[in-house]
Each structure stands twice: as C-alpha cells, then as structure tokens.
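Undergrad: Just passing along the structure, written as structure tokens.
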C-alpha cells in the first residue's frame, strides 16, 4: 500500500520514502487550487522532508518556497524547515557551523520561539494540529539540538535539551529525545528516567512501555552480574513488556522482549539473590515466569506463522521485526 | 456483501412505497364512498380505519429497510484500547479500510510513533547518507517494483 | 369571543424584492466583512516570556505526575514527588519568586492582561459598530410599514418586537416590519455563516457571547496567584497513595490471555 503524504515520513523505510518523493511533481503541479486545507500544507511539509531525504533538493526547494509564500519567512516552523534545508545541503563542517550560528542568532532574538504553532492552529483549527499537544512547539530550539547531535557534539546537545526541558517539562518528544541521547551514551539510568517522564505524559503509549522495557533489559545486560541491580532491572523490564502487551493485543515487540527476559531469567534462576523490598518491583515466582515464557513463545510463533503466510489481518507487522522474532525462536530451538 | 444489503434495502423501499400507495388508494376510495353515500342517505359516514394488512406491510417494510441498512454498515471499530491498539499493530492500514477500499481519513496509525521517530529532531544528514547507501546497494530497483 | 377573521393585507410584491432581499444580502455581506476584519485585526498571539512558560509547564508537570503516577514504580515516583514538592513549596518555578505570597496582583495594573482586554474591546466594537449602522439604515429607509407575513402563528407578546415602528393595535403579530426582519436575520444567519466561512468564524461570535460568558474558569489567566496554585499542587502530590499498574501485571496478562 502506498504510504500517505499526510504523515511524517521520518520513520518510513527508504523504499517508501522514495515513493513519496516521486510524487513531488504531481503535488507541486496541482498546488494552485484556491481553497487551502490543512492537509495541503501538511502534504507540502512531508513532501519536503521526503525529498530532502532522497536527495531531491530541487523539489524540496520548491516546497519550501510554497510554504514560505504562505506562512511568511518569519514563521517559526518555516524557519526551522529552512534551517533543515540548509543543514541537508551543507557540505562540510564549516557550513554546518554557519547554520548553527544562524539558529543561535534566531534564538537570541526571541528566546522562547513558541508561538509559531499556535498561530498555525489559529489559521487552521483542525484536529491534527491541535493533537498531539506538544508537536513541534519549539521548532528552532529543537533543530539546534538535533544539529548539535548530528555534528557529534553530544554533551552540548544534552545540555541544551535539559535546558529546554527545564522550562518545558511537558514536552514528551523532547524527553524521548533526551532518553535516546543518554541511551546512546550508555547512561541507562538517565535514559530510564527520561522515558519514565514520557510515560507520565502519555501513560498509554504501548511502544514507550516496550521501549522502556528494552532499555531496562539493556541496562541489566551491561550492569555486570552483580545480582541486585541486575535483577531489579530485569524485574521491571518484565513488567514493562507485560504492560505493553496488556495495552496492545498481539504486540510483537512486547512479546519479543518478554521472551528475551523470561529466557534469561529461567537460565539464571539458580543464582537469584535475595530480594529486598525497597519500593522496587520484585520478580514474580519462577512458575509464573515459566508460564509467561510459554505464553510468549506460543504467541510469537503464532505471529510469525501468520505473517509468513501473509494471512489476512496479519499483514501490519514490520518484516524486519518478524524476521528477528523468527530468529529468536529458532535460537531457542522451537519451530512449529 | 454489499449487494445483499443493497437488495434488501431496495426491496424494503419498494414494500414501503407499496404500503403508502395502498393507504392513499384506500383513503381515496373511502372518501369517494362517503361522498356517494352522503348524497343518498345524508347520514354522517363512519370513518373507517386503515386495513390491518396495510399497517402490517408498513411495519415490515420499515424493519426490512433497517435490516438492509444495518447489514450494509462497515464493521464496528473496536472500542477497547488494547483491541484497537492490537488491530493497528497486527493489521496496519488494512484493518481500517472504508467501504470504498481506501484507508479511512482519520486513520493515524499508532498515535505514539512520533515519540520514537521524533520528527522535530530529525537528523536529516544521516538520513540522506543512509538513503544514498541504500540506493548504492541496489535498493532503488527494489523500490521500483 | 368571536372568531377573528383572517386578516389579509394586499402588499406590493415589489416590497419583497426591494426590502427583504437587500436587507438579507446586506446582513450576509456585513457578516462576511466582519469575519475578515476581525481576522485582520487579530493581534498576533502574545509571546509568553520564558519564565511564564516555565511556570505554567511546571505546574502542568506536577498535575501530570499526580494524574499518571501509576505508570511509575514506587521508588521513581517518590523521588519525583519529593523533588517537585520541595520545588513547588520553595517557589523555584515562580516567574518572580520575590512576589510569592503577596496575594494576587490587580489585573488592571498588569500590562499583559490589559492586552487581552483590548482584544475583547476590539471584538465588541467590531460587533457593535456595523450593527448600529445597519439598524439606523433600516430605520431611516424602511420603517413604518409591514413587509411580510410569517407562516406560523405567534402570541401577542411578539407584537412589540415584530411590528416595531408600525402603530396598529389590532394587527395580527404574524405581520412583520422590516426592523423585525433585521432582527430575525441577526439570529438566523448563523448557519449561513457557518456554511460560508467555516464553523469557527468571527461573524457567529455574537451568539457565543450571548450564550455563555466565561464558561471555563481560567487556569493561567490574570488574577490567579501561581504561588497558591503551586502550594495546592504540592499538597495534592504529598497525599497521593502510590500504586502502580505494573503490580501484578503478569498475573493479569496470564489470566486475560488464557481465559
């Protein structure tokens, strides 16, 4: 199925991004319709992103001009996109520094840079812009952080991000970015903290529960075999994965994580340290773990079987995830 | 399935139209008869009610139409969070097709993916690099298929 | 009481074309004009300064923690709560910490709230001026005679409204004069504007203003003392008895799936 231009293309695989970018001539041609809709401008923005990604700078520049003509060059969101454009076209570090300076200059001018979104919402009182609430509130601050990170100045990026979160602690996207930043640095407890903040803002996000479980699992793997903390991490990871499955039936990622954790727990059952009750989660008894393990195995093999056969109603899974699940199953010597 | 529901609806409509027509004919006949008798006897005519079969036909026609319309609606959306979320994960866009075979307009996928893709923090340079790699490895051919 | 005979008045059909239509069209056009004028006059949303944003968001942060604490483990909840409660009570997130505890400032002396009032004034003026103009125009040109008959009966109370400017005592209230048509247009064109300008237009603000004045209490508006809000929130946080959705989640899962 062709991907839609109405959604942000950041997470699409390259082939679909290419498909999107190939729509550019059609969309740019048909842009002269007099009545404007929110969808139209969302389309332009996403087309711009897809074109940039596929290296079609010409079409991207055209999209940019359209957006700029409509919203004016001093709209914050347009400024951020403009910055993105020059980031993408920068060829060496010097040019990137120049873009960074530009961001700094803009931010110097008005230190919050918050209104762009609100203005847009005023012009288009539409559901998609009103919800999720914190979508791109501070476009340029965020661009600056992303650029810093992209240039390898991770600690600067982290400092800037923490500053941003200090005066806007309700921005789930920024918390999530911070968590990712710490995660790549190997600072697992900080990453976990940030992810917990994301969960405070959207407690039903099943993918974030699973993500938190993954980070906990990673933390348990690297924290050495020193019983206490490792077990604590594993216990919470187990619970997080279970919660993500509870929020979302047949969640492949949740079952995958659950399987990983239970396999490991069953293997290490012998050397479990005594559990202390200090407000942390405790591991369930071995019997429950075993049952969970069976459940995860059964579900995983069901999902793998169905989506390999491309059964109707089972085609939504990512092929790479299914392949990973299959591998995990075959590692454990279970193939049905 | 749509043709069944359409046929039932049309049939119900015909039945209803027939009932209306019968009622109208009945009324016309009554008034004609009343006029005829009043000239003869000049007594007030008894206002006769609608025959039972017309009333039954009307009710049955309504029920049949309702049945046809209900059969023709698309399957209801899940209202439990986990079922709904599971549908998104398991079926993807295919689970949210409208009657015309296109993905419904308000389908957004997992509304929380933006927390992991983080569009405001996109690293465009890395994406470009990855895309170039992908093209170099012959990904472009796969994309054209 | 004797049966009132049906009143018939022979009117010039031209009245219809030269009065009803012009008034309606003028009303629609002014509505559209008002919409665009108010869009143009709208002052750009005020830029909040960084500290004010911080104040609001921190409070929201606390409220979020209170609402969604069940997503956390007991320990991580406790650390967050302790940090937030101390910060809230010491006023660390306040816009201007010196002013904490001085009570609420006078909303009239605050320049930022004055701006909001100016906006309201502007809206009011945009409503009043064209309405006055049109009304005097109608009064000057079309007053003093009946132009149409409503298709539904009305009680005698409507007489003063519908027959404004026509001094005939015994006339059925169904007959209406031009000024009454104008009033009907004001209230009745709502859906026309919705159709023409979208549901969120300025022309239909009239009815909204008449509907509910100040429905929701303002959370961050002028006149609310943020320090008190923070203190109250700190108290709310302190009394939370923690539980977590993660308690026994695996049992729930096993039961739910196998059942």
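Coordinate-derived values only; no laboratory data. Note that this is a predicted model, so its numbers are computed, not measured. Positions of Cβ are backbone-derived with ideal geometry, glycine not excepted, and every protein chain shown enters the neighbour counts.
Undergrad: Taking R0 as 56 Å, what FRET efficiency do you get between residue B:36 and residue C:157 from their Cβ-Cβ distance, rounded to the nearest 0.05? Provide the component values of the computation, followed by the final result.
TA: Details: r = 49 Å, r/R0 = 0.87.
Efficiency computed from Cβ-Cβ geometry: 0.70.
Undergrad: For each of C:57, A:211, A:153, count neighbouring Cβ atoms within 10 Å of the residue's Cβ, then give the residues from fewest to most.
TA: A:153, C:57, A:211
Undergrad: Rank by packing, highest mean first: peptides A:14-27, C:226-239, with packing defined as the count of other Cβ atoms within 10 Å averaged across residues.
TA: A:14-27, C:226-239
Undergrad: Would you mind getting me the FRET efficiency between residue A:39 and residue A:86? Use the beta-carbon distance for r and R0 = 25 Å, nearest 0.05.
TA: Here the calculated transfer efficiency is 0.40.
Undergrad: Can you give the mean number of other chain Cβ atoms that lie within 10 Å of the Cβ atoms in peptide A:159-169?
TA: Details: counts 0, 0, 1, 0, 0, 0, 2, 5, 10, 8, 11.
The mean count of partner-chain Cβ atoms within 10 Å per residue comes to 3.
Undergrad: Next question. Which whole number gives the average count of other chain Cβ atoms within 10 Å of the Cβ atoms across peptide A:306-319?
TA: On the way: counts 1, 1, 0, 0, 0, 0, 2, 6, 4, 6, 11, 4, 2, 0.
Taking the mean over all residues of the peptide, I get 3.
Undergrad: Given a Förster distance of 56 angstrom, what is the FRET efficiency for residue C:168 paired with residue B:110, based on the Cβ-Cβ distance and rounded to 0.05?
TA: Numbers: r = 70 Å, r/R0 = 1.25.
Once rounded, the FRET efficiency stands at 0.20.
Undergrad: Further question on the same structure: Shielding by partners for C:67-73, please: the mean number of other protein chain Cβ atoms within 10 Å of each residue's Cβ.
TA: Mean partner-chain Cβ count within 10 Å for C:67-73: 6.
Undergrad: Under a point spin-label approximation (7 Å from Cα along Cα-to-Cβ), what is the residue A:332-residue B:28 distance to one decimal in nm?
TA: The answer from the label model is 7.8 nm.
Undergrad: Under 20 Å from a point 7 Å along the Cα-to-Cβ line of residue A:324: which residues of the stretch A:155-178 have their amide N that close?
TA: A:176-178
Undergrad: Turning to a different aspect of this structure: Taking other Cβ within 10 Å of each residue's Cβ, how do B:124, B:65, C:186 sort, fewest first? Intermediate values should be presented prior to the final figure.
TA: Values: B:124 22, B:65 18, C:186 15.
Fewest to most other Cβ atoms nearby, the residues stand as C:186, B:65, B:124.
Undergrad: Say each of residue C:251 and residue C:131 gets a label point 7 Å from the Cα, pointing the same way as Cα to Cβ; how far apart are those two points in nm?
TA: My value for the distance between the label points is 6.4 nm.
Undergrad: Now, a different point. List A:241, C:152, C:88 from most exposed to least, where exposure is judged by having the fewest other Cβ atoms within 10 Å.
TA: C:152, C:88, A:241
Undergrad: In nanometres, what is the gap between the two model label sites at residue C:41 and residue C:78, each 7 Å from Cα along Cα-to-Cβ?
TA: Simple spin-label model gives 5.9 nm for this pair.
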